Every structure is written in C-alpha cells, then in structure tokens.
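To start, the structure under review is shown below, and the notes come after it.
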Amino acid sequence: MRIGNKIKGIFFDFGDTLASTDPPFITRIAISMREAGLDISNREFEIKYIEADYKLYLKHKSKGGMTPEDYGKWFMPLLYESLPIEGDIQAFRQNVRTAMSKIDFTRVVLPGALDLLDDLKGRGYKLGVISNNDGYTESKCEEVGISGQFNFILDSTKLNMIKPDQRIFHHALTQAELSPEEVIHVGDMYGSDVMGANNAGLEAIWVNSRNVDNMSGKEVKQVNNLAELKSII
C-alpha cells in the first residue's frame, strides 16, 4: 500500500493522531465513568466511543449536514444509549464531568509525529490540521512543538464547522489550494475522520492504534501508528 504521486497535501486530525494527553481524553472519560459508578473498562469504553462517532456520521448524513451545535446535542446521547447506565442519566453525566475535572493530565506529542512531519514537509507536501476542538488547537500544537510544520491549522470551534461535515474538509482544500483528489486526510476517528473525509471526496488513512473493527465494511487504508504511516507515503 503506497500513496500515489498525485497526492500533494496531507491533512491531519490533531487529538490522538498527532498528539494526546496523559492519560488520554477517552481514558479520562472511562476513569470518570467508573468513578460515577459504571463498571466499564478502558477498552470497552474506547470501542463504545468510536462506535458512537460512526453513528454520529450516519446521523449527520441522514440530516444532510452538521454544525458544532448539532454535534454537542447529538454525540453524547448516541454514546450514552449504548451504556448500561441505571437511574438518572443527567445526574450521572454531571458526576462524570465533576470526576473529569479532578484528573490532572499533560499534553504529549505522539511517537513518530515529529519525524513524520519533518519528512513530509521536507518533501514538499502541503500540511494542515483539521481538529474538532475547543478553539485552542493552534496553541496546543505550539505546546507540543509542531505548529510550525503546517500551512494552516483549523479548529471547529473557531470556524463553526465540524467533522464529519464535508464543509470543513472543503474549507481546508480551499486553504491548501488543492482538489480532493490531491489530498489524503489522516485521523483516528472512523466516523469523523475516515468517513467524513471520504464523503467530502478525499482519500483517508485510519490511524487505528486501538485495533477497532471497521464498522462500515468499506475498504479503508489503515495503519497502527505514525511510523507505519511514514513507510507508505
């Protein structure tokens, strides 16, 4: 599996693709859910989270699009409907938020990211970030030492556009002055990143470091880590 010569740009998700936190965001939610009384392992919750992300993609398709406001309304109900929570869900969610606020974490660049970005930039690819984030993606990139590698950094909160909606991918194409056929998007979320990019006309590579099953049955390029990604570009 090699990437063809037509590719001129590579877009990346940020969280859990190029950088993460210690402990990771999804793990912190799982820890907080256990603190709130739900018996679920980190692995079980990872699978539920990624499945909810794919369900979100399907819902956005049925609705004809999605805004960040829609994401805020839709995602958590899709996630919580798959969890065996007893009693008052709103009280449980508040307990989870309270528990999460007490977990200290640090931000870290993921293994292989710096080397990969240096290599790709040196070979002349246009590089960009498309992140579903809180308005601070650029400063987070600066914190882990990768902000200077990109031609642009897009944040869903700042743009009022969000993956998997195709508009944010098309905005990125405009920034890069490239066509969909000239770009690959790389990310860890199957629904938001892979299916979202495909729906916008871009090829995608799934960083499936969690070893989750393909949910759509569609053939998808995937790697386990960034070092593996470097070997195919």
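Details
- Any pair with Cβ under 8 angstrom, 6 or more apart, that starts in the range 3-26 at a residue that is touching a residue at least 12 places away in the same chain (Cβ under 8 Å) and ends at one that is assigned to a loop (DSSP other than H, G, I, E, B) and among the basic types (Lys, Arg): ASP13/LYS163
- Scanning the range 28-42 for residues that are of a type in the set (D, E, K, R) and without any contact (Cβ under 8 Å) to a residue 60 or more places away in the chain, we see that the one that is surrounded by the most Cβ atoms within 10 Å (Cβ to Cβ) is ARG34.
- Close pairs (7 angstrom Cβ cut-off, 6 or more residues apart or separate chains): assigned by TED's automatic domain parsing to the domain that holds GLY196 and within 18 Å of TYR54 (Cα to Cα) in the range 154-173, of a type in the set (Asp, Glu) and at pLDDT 95 or above anywhere: LYS163/ASP193
- Any chance GLN149 is of a type outside the set (A, V, I, L, M, F, W, C), under 26 Å from THR21 (Cβ atoms), surrounded by fewer than 23 Cβ atoms within 10 Å (Cβ to Cβ) and in contact with a Leu (Cβ under 7 Å, 6 or more places away or on another chain): yes
The values are calculated or read from the model by the stated rules, or taken from the named source; none is laboratory data. Worth saying up front: this structure is predicted, and the values here are computed from it rather than measured. Please note: Cβ atoms are built from the backbone with ideal geometry, for glycine as well, and neighbour counts cover all protein chains shown.
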